[in-house]
Amino acid sequence: MRGFDYSQSGLYFVTFCVQDRLCLFTRIRRNKLELNEAGRMVQAEWEKLPMRFLDIRLHEFVVMPNHFHAIIEIEKGDENGDWSLPGGADLQECQVPKPYQENGFQKEKSPGTKKLGQIVGAFKSITTVKYIEGVKTRNWPQFDGRLWQRSYWEHVIRNETAYRHISGYIITNPEKWAQDRLNMPE
């Protein structure tokens, strides 16, 4: 949305596609996902994002053959550094550790919340580099030009009803692959 501050606390539904909609990450068999090695890498890198961006929380997500759906929550601390969930959604509260402890090092919350586009951009960049490494060393299928399409689709989740609807869509997306508009014949 033009003029919307995508760094503010809230829940966001994002979708991004592989360039040319090549099926590189999974197969769907009997309505079940079968992640290949590249798909497992994409999933693992998504799950690592909260270690890079301390002010996010991951909700439902799915790696599809040629696209990715996820709900991501951006949380902001108040002036005292206390964390709070965004208003409006009656979702179960989560506890965000502060300061964050990793391998004996303390990491404070990130200085200034990153915008959604920066988070998605970092994820796309990391997975592209790792995918290229897989092409070179593990014989993963090649891609032409770029791994991911340039932009992505986002939707601000404004209430619990919308959250439940989108969450259900993500969870059941593999079952509906045959009818999915992103399902391109291989």
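The values are calculated or read from the model by the stated rules, or taken from the named source; none is laboratory data. All figures in this text were calculated on a predicted structure; none of them were measured in a lab. Glycine also receives a Cβ, built like all others from the backbone with ideal geometry; neighbour counts cover every protein chain displayed.
Here is how the numbers come out for the structure above:
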item: Segment 116-134, residues that are hydrophobic (A, V, I, L, M, F, W, C) and either crowded, with 16+ Cβ neighbours inside 10 Å or under 12 Å from the mean Cα position of the chain (by Cα) (or both); result: L116, I119, V120, A122, F123, I126
item: Scope segment 37-57; condition touching a residue at least 40 places away in the same chain (Cβ under 8 Å) and either surrounded by fewer than 18 Cβ atoms within 10 Å (Cβ to Cβ) or of a type in the set (S, T, N, Q) (or both); matching residues; result: E37, M51, R52
item: Search result, residues across segment 137-171 that are exposed (fewer than 12 other Cβ atoms within 10 Å of the Cβ) and within 18 Å of G39 (Cβ to Cβ); result: T137, R138, N139, Q142
item: Boolean, E75 is of a type in the set (D, E), modelled with pLDDT of 50 or more and in contact with an Asp or Glu (Cβ under 6 Å, 6 or more places away or on another chain); result: yes
